[in-house]
1. Any residue at all in region 267-280 that is within 16 Å of the ligand (Cβ to nearest atom), free of Cβ contacts under 8 Å to residues at least 24 places away in the same chain and surrounded by fewer than 15 Cβ atoms within 10 Å (Cβ to Cβ)?
2. Restricted to region 51-68, and to residues that are among the hydrophobic types (A, V, I, L, M, F, W, C) and more than 23 Å from the chain's Cα centre (by Cα), which residue is nearest to the ligand (Cβ to nearest atom)?
3. Give region 118-129 a look and list any residue that's open to solvent by less than 50 Å² (accessible area, probe 1.4 Å), in contact (Cβ under 8 Å) with a residue 60 or more places away in the chain, over 19 Å from SER175 (Cα atoms) and among the hydrophobic types (A, V, I, L, M, F, W, C), or say none.
4. Sort through GLY97, GLY131 and tell me the only one that's in the same structural domain as VAL192 (by TED's automatic domain parsing) and under 17 Å from ILE194 (Cα atoms).
5. The conditions are (1) under 16 Å from LYS265 (Cα atoms); (2) over 21 Å from the mean Cα position of the chain (by Cα); (3) part of a loop (DSSP other than H, G, I, E, B), and PRO48 fails exactly one of them. Which is it?
6. Within region 182-190, does at least one residue satisfy the condition of being crowded, with 18+ Cβ neighbours inside 10 Å and within 16 Å of the ligand (Cβ to nearest atom)?
7. Go through region 116-161 and give me each residue that's polar (S, T, N, Q) and farther than 17 Å from TYR336 by Cα.
8. Are any residues in region 325-363 of a type in the set (Lys, Arg) and more than 19 Å from the chain's Cα centre (by Cα), and if so, which ones?
Amino acid sequence: MTPEQLLAPPALPTLRAAVTRLPAYVPGRRGTGLDIAALASNESHYEPLPAATAAVAEAAGTMNRYPDAAAVELRERLARHLGVTAGEVAVGPGSVGVLQQIITGLCDAGDEAIFAWRSFEAYPILVELAGARAVRVPLDEAEGHDLDAMAAAVTDRTKVILLCTPNNPTGVPISHDRVEAFLQAVPSSVLVVIDEAYVEYADAGSGPDSLALYRRYPNVCILRTFSKAYGLAGLRVGYAIATPAIAEGLRRTALPFSVSALAQKAAVASLDAGEEMGERVSLVKQERGRMAAALEAQGWRLQPSQGNFLWIRAGGERLATLVDAFDNAGILVRAYQGDGLRITVADPASNNRVLRLLAAHAA
Ligand code: PMP
């Protein structure tokens, strides 16, 4: 070694360029104060369903054991719930975990994944992490998916298209007929993922009958979660429905044991308590309607949301003013620079705080 080499600082490990270029995931803000309203993450404000809590308590004593890596009981219960076979179900740590399995299972470096923008902010992160190219297609005037533009964006490198309905953060669904026309327009070799994280909150008929479409178009993959309406965001469990060949591929791509035994048991118990979940969802939907009507009466112009959240388009100064106002009021909401504000619909008292604050800022 030369003296210069001896003096040079040692080379340090470097991250892949795909990682250093990644946009950081911005988690919903958290607060612990007594009068903080946590409306930034589209969680359920209800505690988990009592049957889920009981199942977790019962399973807690088995934590010294690995979970069932194949999640057989949960996949069979889901299959029964959905009218498919367990071979068509893949589970993962949240639907974001399943989505990572989808992207890494289908996209080689340089392949393309198309999604609407703005939509769920994990999409570009997961795509770019896989070394694939994220193709963002701007939302249309009505804050919904521009499916014509999305179909036109397909190239021979396109492997996956993500449709988010109702869309996070705008709440706008994609109608059944539009999804079906889209499926007819795109090559059958492209996997079309219908991300239905908020499907339980959607009014019947507002979005696609995704299971019917899946049965007719084998390139459909349905993505769902226990994090929202079922209230299990902290336990991390979501699932995909896809052809046996694709579902098997997703199971192979999964990190082994990534869905804990507690999460599997809680998910099964939650499905068994579906009616109770439905009652909670109805109350949130009622509140969503009440808030939308009140905001409209205040002069806000909103797109009708089919999720458990409302979307206020605002940019620049106006957004900054609103963010300050929410911060000062102890209400945690999600701001998207340049685009707007997403507010989770929760209990009536928190919702009333939002209405009072927005009344003071109406246009
Ligand atoms: N898809 C959409 C559209 C979402 O909004 C979210 C959560 N914000 C997810 C998927 C992922 O949720 P989880 O991983 O908790 O299932």
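The values are calculated or read from the model by the stated rules, or taken from the named source; none is laboratory data. Bear in mind the structure is a predicted one, so any value in this text is a computation, not a measurement. Quick reminder, even Gly has a Cβ in these numbers, built from the backbone with ideal geometry, and neighbours come from all protein chains shown. Only protein heavy atoms, including side chains, enter the accessible area calculation; ligands, DNA and RNA are left aside. Shrake-Rupley method; radii C 1.70, N 1.55, O 1.52, S 1.80 Å.
1. For region 267-280, residues within 16 Å of the ligand (Cβ to nearest atom), free of Cβ contacts under 8 Å to residues at least 24 places away in the same chain and surrounded by fewer than 15 Cβ atoms within 10 Å (Cβ to Cβ): absent.
2. So the residue we want is VAL56.
3. ALA122, ILE125
4. After ruling out the rest, the residue left standing is GLY97.
5. (2)
6. Scanning region 182-190, I find no residue that is crowded, with 18+ Cβ neighbours inside 10 Å and within 16 Å of the ligand (Cβ to nearest atom), so the answer is no.
7. Scanning region 116-161 gives THR155, THR158.
8. Within region 325-363, ARG353, ARG356 qualify.
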